[in-house]
Amino acid sequence: VMQIIEMLAESPQGLSLTQLSERLGIPKTSLLSHLRVMASSGHVALQDHTKYVLGPASIRLGAVIAATSSVLAAARPLLEELVRQTGETALLAMIDAAQYEAVYIDRVEGTHAVRYTPLIGARRPLYCTALGRALLAFQDNSAYVAPYLASNRIVGITDHTVTAPNMLMKALEDVRKSRIAATQEEHTLDAAAIGSPVFDRQENVQYAIGIALPASRLAGEQRPRLNEQVLDAARRLSWTLGAP
């Protein structure tokens, strides 16, 4: 299937069934079965009843991949700088709005002997994690946030998890004002995090940047400094992505 998409991407004028079969070395009957499924999902389209071209679903997929790749490239030096400044593990997350989750898409491991290091690809709930709240706070309040906080997805994971909708709404309002979200042991015992939203040129938030660390290191005099370092990284990444 990916070979079909790649071949059509290289041939914007379109290719016939025969041309695709010859170039890919796939029998027409097998190829046609793939193309019918891909057409039903919008990944290919039949043009003038003779040639196959990329469909809107494939074009959207390419745009998502391209956008994510540019974010990763822009964020990597800022993640590395956060580690140099703080010694803590630096993270970049994106929102999976359909699943109400934050997904870690890049990470630079901290330098402390004792550190908290989530895996790339790990998923976390939006309501009880720092990067999750940084993402959630800037979604549409009536259409997304309020129904989510009233749903059965909001459950206590540890004894420290905030689950009351009014308290979560207050926490999200604080994030909107300060552009900083911090959690301690709400999702994972002995772990804490600080996150900040990343804005694009339309002032939407699909990404958040931050640090993860043992809960004991979030308390005390160093927290304002850590907050400002995370906020500065988010500001700079937002500027790179074209935010006002």
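Compute the accessible area per residue over the chain, keeping the other protein chains in place, probe 1.4 Å, unit Å².
Accessible area per residue, the chain: 51 Å².
Based on the Cβ-Cβ distance of LEU24 and ASN141, what FRET efficiency does E = 1/(1 + (r/R0)^6) give at R0 = 51 Å, to the nearest 0.05? The partial results should precede the final answer.
Details: r = 48 Å, r/R0 = 0.95.
Plugging the Cβ-Cβ distance into 1/(1 + (r/R0)^6) gives 0.60.
Would you mind putting 203-209, 57-63 in packing order, based on average other-beta-carbon counts within 10 Å, highest first?
Details: 203-209: 21.9, 57-63: 14.0.
Answer by packing, highest mean first, reads 203-209, 57-63.
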Taking only the alpha carbons of the chain, what extent do you get along each of the three principal axes, in Å, biggest first? 69, 39, 35
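Any chance you could run the full-extension gain for GLN99 through ASN204? It's 0.36 nm times the residue separation minus the Cα-Cα distance, nm to one decimal. Spell out each step's value before the answer.
Details: separation 105, 0.36 × 105 = 37.80 nm, distance 1.82 nm.
Result: 36.0 nm gained on full extension.
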Please list, or write none, the aspartates and glutamates whose alpha carbon is within less than 19 Å of the alpha carbon of LYS177, excluding same-chain residues fewer than 8 places away. ASP140, ASP200, GLU203, GLU228, ASP232
Leaving out ligands, DNA and RNA, and with a 1.4 Å probe, what % of the accessible surface on the stretch 101-158 is carbon or sulfur? 52
Calculate one ³J(HN,Hα) per residue across the stretch 193-203 by plugging θ = phi - 60° into the Karplus curve 6.51 cos²θ - 1.76 cosθ + 1.60, and present them in order as whole Hz with x for glycine and proline. 7, 10, x, 9, x, 10, 9, 9, 5, 8, 6
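The values are calculated or read from the model by the stated rules, or taken from the named source; none is laboratory data. What you see is a predicted model, and the numbers here were worked out from it, not measured in a lab. Cβ sites come from the backbone with ideal geometry, for glycine too, and all protein chains shown count toward neighbours. Note: areas computed on protein heavy atoms with side chains; ligands, DNA, RNA excluded. Shrake-Rupley method; radii C 1.70, N 1.55, O 1.52, S 1.80 Å.
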